[in-house]
Structures are given as structure tokens and as C-alpha cells.
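Trainee: So that we are looking at the same thing, I have put the structure below in C-alpha cells.
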Amino acid sequence: MLIEDLGGSIMGTIPLGDIVLYLNPLHIFLFVTILVFTALIAISRTETQVEAMFGSLDENKVAVGKKEFKQRRFLAIICGLATAGAMITGDLFNFTLFMALIGIVNIGIVSAVKQVDVLNSAYQYGLIAMMCGLPLFGGAAMILAATGTLSLFELATIPASPMMIFGALVMLIGVCGESGIAPFFASKAEMFRTPGSPFILIIHLSSLFIIVRFVEILLTIL
Amino acid sequence: MPKIAKLWNKLADPKNIPRLFALILGLLLIAGFLIPVGLNTDQIYTRPAPQSQMDAGLAIAPYDRGGEILESPGVTEAQYPENSQNLGWINSYMTPIAEVLKGISPYFGTSICASPGGVIDESLYYTRGFDTILESTILMMAFIIASWLAINFTMDRKKGKEDIKEDVKRAIASSDRIASEVEMSNRKAREKQAKKEFR
């Protein structure tokens, strides 16, 4: 399918050598939205969870320490920027690299918490993210081998062959695992059960945006 | 119906997710043997024929792209040549360290310090420089996370008394659970045995 059919007419490109970022109304909307959310996250403070104590009238506050707060904010901003980059990229391999960056930063955001359950599920998610390297880059490599190019502009004009469809399917599995959609949601959903809400939320938000963008890429190249 | 319910419950346990993912990925890759796979020879990022540069005795084989520094451009192809004005001019550029290594070893190109992400990586990726930046960003983030954790050691639970109490409690609870599981499976095995003997 042609790029113009999906996201509206192209309003401009950002050429970086062979990697040409392109802007159309859909991409600009996604790009600006994620940047606004990232800015909101950068200036916000974390929530403090209040737990009622059993058997008394006291309460237990679960707060995020200052050092941990700084580290998480930094990684959350990087995650937001990587998601924003993935929204406008016009190159298949570039997209997989953004995806890998988001995956590793997601683990980093929850890596400093002290809840054992959260760390356990983050470890399981890390295993998936490690496995996802094969389908993500392997899928992109198969599409490169089948067509000889990685640019989405060129791929949009090439009719789909069985090898391209297989490569796209492999990539789809990779994106599903890395962004933790069903049926792989459990490990990622358990990672949210910790204080520090706005930074935790970017994990969720990045997966949502990535899925929308990847569906668009799939429709473009197939 | 109870079988589906059990399946959903298994999906909700993070421990099972990597196994499920590996299973699905493995099945898809096995199915890939049925797909006709062939290399399209019309590639923009071409590579020399295997072993041809080795046989020619080039020190940075198989990454030699020709060209001389400030004299003649090497061979590089680009998807959009209009975006890469100086195409091929940096193909032969290497850092002084790389030059020294190239003089010492005839197998420099295949050594670990040459590629990928090594000292001659930059000369190959003139048209895809943004990818190189992202790759090193991923590495940097991994190092930032790992070093932050190593310095702060957030899982150090030997200092706080509360932590120790909690750990002991959790250990007792988990050992209780394991003991009851063992007992359950023992009982099941005994029942099976009894049924067999009854026959």
C-alpha cells in the first residue's frame, strides 16, 4: 500500500543519509503527542503510595528516593524520545533499533525498585526482550535479503513476496514480545505494580504507540 | 471450560511468559522452512564475494571498500545519493590505532576489535550514520543502568532489620508452600500407584 493512502499526504522529509524520516499528518500527531507526554513526565513528581497498616491506625508510605527518582526520570525521558523517533522514522532497520532501545530502557526504569515481585517480572520481561533481538533484527534482515532495500518508500512500491511476508511475521512476533501485548502481557503488567507512577506509565505508553506505528509499517510494506 | 480457565491462569504468571514466547517463536521459525527463501541479488548494501578479499591479501578483509584518503573515493552505494554528497570519500579513513593494527596483523578485518561496532565500523556506515548513533545509544543505556545498579546496590538487604524480618517471613512461607506441593504430588502418586495395584 502506498504511504499516502495510510497516513495522509507527506508534508516533508528529514534526510539523514539513507535514513529518511518522513512526516505526514498521522506521524506528526503521534510524534507531538508522545513529546507532550514526555514533557509532562519530565516536570512531574512521583506519586507516593499509602498503605493502611493491619491492626492499627498507622499508615505506611512507599515513596521513591531522590537518587532513584533522578535515574528513573532520565530513563523515562530517553524512553519517550526513542518512542517519538520510532514514530517518524522511514527506515525499517532504524525502527527495530528504536524498539530495542525502548526495551532496554523499560527494564532500566523498574530495575531500581525494591519489591521482589516487580524485579522478578522485570527479569522475565528481560528474558523476552533478549529473545526479541532475533525476530526483530532477523525479520528486518529477511526483508532486506528479499528486496535489497530497507527504505519504507521503496518497500511500499515493491509487491509482497512470501519471503517478505514471513520476514514481516517474524518482526511482528518480535514487536509483540518486546511491547508486551497479549498473550505476553503478564510479565510487563506485573512490572507496573510499584510506586513512581508517571515514569512507570511511559513503559505502557511507549508500547501502545509502537504497536500503532508497527501496524502502519506492516500495511505499508505488505 | 475449566481447562481454558487453567490456561488463562497460567498466562497470568510472569514465569511462564518467556517459555510461551520461545515456543511461539520456535514454531514460527520451524514453519519458515516451508517458505521459499532466496537472496535478491539487486542489493544496495552489496558485499564482495566470500573469501575474495582474503585471497587478495587485504589487511581489512572482508571490509575493504577501496579508495585512498583525500585522493579517490571508494565504492559505496546509497539509496538516496542526493543525501550523501561525499559518498565513498571516507571509505579508507581509519583511526591511528586502526592503522597501526592494520600494519601489524594481516587478519585485522576479522578480529574482534575491527567489527562490528569496532574501529572500522564508521567507514562502512556513511549512509546509515543515524543507525550507528542509535546502536551506541543502546549500549550506553545498558551501561548506565548496569553501573547505576552496581554503584547503588539497591538490592542490598543485609543492612535493614525490617528487610531481614521480611525475607525470613517470605522464606518460611515459600518453603511451606513447596512442602505442601511436594505432599500433594506424593499423595497423587500414591493414589495412582494404588489404582494400578487395584487393577
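The values are calculated or read from the model by the stated rules, or taken from the named source; none is laboratory data. Here the structure is a predicted model, which means the values were calculated and not measured. Here the Cβ positions follow ideal geometry from the backbone for every residue, glycine too, while neighbour counts run over all protein chains shown.
Trainee: Run down A:Ser206, A:Ser197 and say which single residue is more than 30 Å from B:Ala31 (Cα to Cα) and at pLDDT 90 or above.
Mentor: On the way: A:Ser197 fails: at pLDDT 90 or above.
One residue alone meets the criteria, A:Ser206.
Trainee: Residue under question is A:Ala112, and the condition is that it be part of a helix (DSSP H, G or I) and hydrophobic (A, V, I, L, M, F, W, C); does it hold?
Mentor: Spelling it out, it is not the case that A:Ala112 is part of a helix (DSSP H, G or I) and hydrophobic (A, V, I, L, M, F, W, C).
Trainee: Could you tell me which residue of region B:90-129 is modelled with the lowest pLDDT, considering only residues that are within 14 Å of chain A (Cβ to nearest Cβ) and out of contact with any Ser or Thr (no Cβ under 9 Å at 6 or more places or on another chain)?
Mentor: B:Pro116
Trainee: Residue pairs, Cβ under 8 Å, 6 or more apart or interchain, first in region B:127-154 and acidic (Asp, Glu), second assigned to a helix (DSSP H, G or I). List them.
Mentor: Taking only residues 6 or more apart or on different chains, the pairs are B:Asp131/A:Phe93; B:Asp131/A:Asn94; B:Asp131/A:Leu97; B:Glu135/A:Leu97.
Trainee: Looking only at region A:37-74, count every residue that is touching a Ser or Thr at 6+ places or on another chain (Cβ under 7 Å), hydrophobic (A, V, I, L, M, F, W, C) and more than 14 Å from chain B (Cβ to nearest Cβ) and tell me the total.
Mentor: Residues in region A:37-74 being touching a Ser or Thr at 6+ places or on another chain (Cβ under 7 Å), hydrophobic (A, V, I, L, M, F, W, C) and more than 14 Å from chain B (Cβ to nearest Cβ): 1 in total.
Trainee: For region B:80-117, give me each residue that is under 18 Å from A:Val20 (Cβ atoms) and assigned to a loop (DSSP other than H, G, I, E, B).
Mentor: Across region B:80-117, the qualifying residues are B:Tyr80, B:Ser84, B:Gln85, B:Asn86, B:Leu87.
Trainee: Within the bounds of region A:178-199, is there any residue that is in a helix (DSSP H, G or I), within 27 Å of A:Ile34 (Cβ to Cβ) and touching a Lys or Arg at 6+ places or on another chain (Cβ under 6 Å)?
Mentor: As a first pass, look at region A:178-199 and keep what is in a helix (DSSP H, G or I): A:178-179, A:185-190, A:197-199.
From the residues that got through so far, the ones that are within 27 Å of A:Ile34 (Cβ to Cβ) too are A:178-179, A:185-190, A:197-199.
Next, only the ones that are touching a Lys or Arg at 6+ places or on another chain (Cβ under 6 Å) stay: A:199.
Scanning region A:178-199, I find at least one residue that is in a helix (DSSP H, G or I), within 27 Å of A:Ile34 (Cβ to Cβ) and touching a Lys or Arg at 6+ places or on another chain (Cβ under 6 Å), so the answer is yes.
Trainee: Among the listed residues A:Leu134, A:Leu127, A:Leu119, which satisfies the condition of being at pLDDT 90 or above, within 30 Å of A:Ser197 (Cβ to Cβ) and in a helix (DSSP H, G or I)?
Mentor: Numbers: A:Leu134 fails: within 30 Å of A:Ser197 (Cβ to Cβ); A:Leu119 fails: at pLDDT 90 or above.
When all the criteria are applied, what remains is A:Leu127.
Trainee: Taking region A:90-133 only, how many residues are at the interface with chain B (Cβ under 9 Å from one of its Cβ atoms), touching a strand residue (DSSP E or B) at 6+ places or on another chain (Cβ under 8 Å) and of a type in the set (Gly, Ala, Ser)?
Mentor: 0
Trainee: May I pose another question? For region A:171-204, what are the residues that are among the basic types (Lys, Arg) and crowded, with 22+ Cβ neighbours inside 10 Å?
Mentor: Here is the first cut: in region A:171-204, the residues among the basic types (Lys, Arg) are A:188, A:193.
A:Lys188 - this is the single residue of region A:171-204 that is among the basic types (Lys, Arg) and crowded, with 22+ Cβ neighbours inside 10 Å.
Trainee: Related question: Hey, any hits in region A:201-210 for a residue that's in contact with a Cys (Cβ under 8 Å, 6 or more places away or on another chain) and within 13 Å of chain B (Cβ to nearest Cβ)? Lay out the reasoning, then the answer.
Mentor: Residues of region A:201-210 that are in contact with a Cys (Cβ under 8 Å, 6 or more places away or on another chain), as a first pass: A:202-203, A:206.
Remaining after also requiring within 13 Å of chain B (Cβ to nearest Cβ): none.
Scanning region A:201-210 turns up no residue that is in contact with a Cys (Cβ under 8 Å, 6 or more places away or on another chain) and within 13 Å of chain B (Cβ to nearest Cβ).
Trainee: Restricting attention to helices (runs of 4 or more DSSP H) lying wholly within region B:1-79, give those where 3 or more residues are crowded, with 16+ Cβ neighbours inside 10 Å and within 14 Å of chain A (Cβ to nearest Cβ). Even if it seems obvious, please write down each step before you answer.
Mentor: On the way: elements: B:2-11, B:17-31, B:52-56.
Per the criteria, B:17-31.
Trainee: Being in a helix (DSSP H, G or I) and under 15 Å from the mean Cα position of the chain (by Cα): is that true of A:Ala156 here?
Mentor: no
Trainee: Can we say A:Leu30 is within 25 Å of A:Ala84 (Cβ to Cβ) and not acidic (Asp, Glu)?
Mentor: Numbers: within 25 Å of A:Ala84 (Cβ to Cβ): yes; not acidic (Asp, Glu): yes.
The answer is yes for A:Leu30.
Trainee: If you don't mind, another one. Can you list residue pairs whose Cβ atoms sit under 7 Å apart, with the first residue in region A:201-222 being under 20 Å from A:Ala186 (Cβ atoms) and the second being among the aliphatic types (A, V, I, L, M) and surrounded by fewer than 19 Cβ atoms within 10 Å (Cβ to Cβ)? Count only pairs 6 or more apart in sequence or on different chains.
Mentor: Once the first residue is under 20 Å from A:Ala186 (Cβ atoms) and sits in region A:201-222, its partners that are among the aliphatic types (A, V, I, L, M) and surrounded by fewer than 19 Cβ atoms within 10 Å (Cβ to Cβ) give A:Ser207/A:Ile181; A:Ile211/A:Ile181.
The rows are residues; the columns are (1) more than 9 Å from every other protein chain (Cβ to nearest Cβ); (2) modelled with pLDDT under 90; (3) surrounded by 22 or more Cβ atoms within 10 Å (Cβ to Cβ).
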residue: A:Gly138; (1), (2), (3): no, no, no
residue: A:Thr147; (1), (2), (3): no, no, yes
residue: A:Ala160; (1), (2), (3): yes, yes, no
residue: A:Leu169; (1), (2), (3): no, no, no
